[in-house]
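Working notes, structure below.
Where a number appears in this text, it was derived from the coordinates with a stated rule and is not lab data. Remember, predicted model here, so these are calculated numbers, not experimental data. Glycine also receives a Cβ, built like all others from the backbone with ideal geometry; neighbour counts cover every protein chain displayed.
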Amino acid sequence: MIIKPASKIRSSEITDQKIWRQRRQLIKAAAAGSGLLLTGMSGLAEALYRGPGKLQSIPDVRDTDYGEDLKPTAYRHITSYNNFYELGYGKRAPAENADSLKPRPWTVKVSGECEKPAVLDMEDILKIDQEERVYRFRCVEAWAMVVPWVGFPLGDFLKGFQPTSRAKYVEFTTLYDPKQMPGQKRKVLDWPYREGLRMDEAMHPLAFMATGLYGEQLPAQNGAPLRLVVPWKYGFKSIKSIVSIRFTQEMPANTWRRIAGDEYGFYANVNPRVPHPRWSQKRHRVLGRGLFGSKEDTQLFNGYAEEVAGLYKGMDLRKNF
Ligand SMILES: Nc1nc2c(c(=O)[nH]1)N[C@H]1C(S)=C(S)[C@@H](COP(=O)(O)O)O[C@H]1N2
Ligand SMILES: [Mo]
């Protein structure tokens with residue numbers, strides 16, 4: 001079984017968020033020599049700014065070197081500029097409506113083409129070894145950020161359910177509950193939100209299930225309690241508040257493709273050479289960088305080409321957008 005015995009797990013503890021951040025900053029600063037003194041003081045003040053602070057920290061998060069060269073976007077930007085139509089349609093709405101989503105109790109059903117289907121409790125999912133990865137994140141709308149996610153690799157998790165040889169894709173589904181998700185009262189999208197990955201994409205070591213960010217459990221607006229993160233794909237692939245994972249033979253019909261298949265495809269790999277029908281994908285704006293210096297060139301596969309290009313060998317990326 002993929003879940004660790006309860007005895008190995010320390011109970012969740014509320015730690016002082018500021019101290020947590022400070023410690024992280026100091027560890028990083030020590031690694032970078034005296035760089036903190038020169039460049040870090042305003043960055044430190046920015047990094048220490050937190051929201052209301054009611055989220056639990058995730059204990060025993062293992063540090064990794066994913067994205068150690070990247071500067072994370074401030075917490076307040078990551079948590080106040082969101083796309084989560086279930087919690088409202090404007091960028092500020094998901095944060096404003098965050099309280100309506102109740103991330104506990106929460107279960108995730110794993111089914112379809114696998115030997116060991118299961119219904120998992122979120123508390124048990126949090127017992128999986130948690131690690132931190134700093135990833136670039138690029139929305140199809142041409143804005144971007146850098147996020148220190150906490151979570152675990154998707155592939156290792158999926159292997160535990162022993163997918164059969166017929167499993168060619170994985171489908172993910174968001175909670176459907178208009179009481180918790182007021183945006184679902186209007187049929188703006190074809191609820192519930194669904195996404196999918198090809199099996200080899202899901203098994204790629206960069207594909208990640210996030211349970212938190214900045215060391216704490218995910219805020220509702222970022223997809224609590226469990227979301228997908230696929231850093232080389234446009235943000236809409238990173239489905240939030242997942243309640244179902246299903247191994248399938250057929251390519252799942254992901255929500256945005258179902259609504260506007262000429263604009264949003266299944267693959268949705270970040271690609272500056274393939275424009276959206278209504279705008280260029282050559283550049284993007286990075287959240288929190290102000291008016292000047294906020295624009296950056298978009299990179300093929302969002303900068304992860306070395307790792308993932310092999311998945312798409314021989315495929316026409318213009319056709320399979
Ligand atoms: N269930 C669900 N998942 C979703 C969305 C959504 O509206 N509903 N929006 C997607 C889009 S378009 C983006 S860019 C990211 C935004 O994630 P963030 O708000 O954490 O930045 O979530 C994705 N996942
Ligand atoms: Mo997006």
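Please list, by residue number, every one of the trypsin sites (Lys or Arg not before Pro) in segment 51-153 that is coil in DSSP and has at most 11 other beta-carbon atoms within 10 Å.
Numbers: sites: LYS54, ARG62, ARG76, LYS91, ARG92, LYS109, LYS127, ARG133, ARG136, ARG138; in loops: LYS54, LYS91, ARG92, LYS127.
Loop-located and lightly packed - LYS54.
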Binned Cα-Cα distances of segment 61-106, short to long, each 10 Å bin given as a whole percent: 23, 34, 30, 13
Gain upon complete extension [ASP129, SER294; 0.36 nm per residue less C-alpha separation]: 55.9 nm
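How about segment 244-283: which trypsin sites (Lys or Arg not before Pro) there are in a DSSP loop, with at most 16 other Cβ atoms within 10 Å of their Cβ? Let's see the in-between values first.
Numbers: sites: ARG246, ARG257, ARG258, ARG273, ARG278, LYS282, ARG283; in loops: ARG273, ARG278, LYS282.
In loop regions of segment 244-283 (DSSP not H, G, I, E or B), the sparsely surrounded trypsin sites (Lys or Arg not before Pro) are ARG273, ARG278, LYS282.
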Spatial separation of Cα centroids for segment 203-242 and segment 99-170, in angstrom: 7
Within segment 53-97: backbone nitrogen closer than 18 Å to the ASP190 label point (7 Å, Cα to C-beta): 85-86
Lysines whose Cα lies under 30 Å from that of LYS116, excluding same-chain neighbours fewer than 8 positions away: LYS4, LYS8, LYS102, LYS127, LYS159, LYS168, LYS233, LYS237, LYS240
Solution diffusion estimate, µm²/s, Stokes-Einstein, segment 267-310, Kirkwood Rh from C-alpha pairs, 10 °C, viscosity 1.306 mPa s: 138
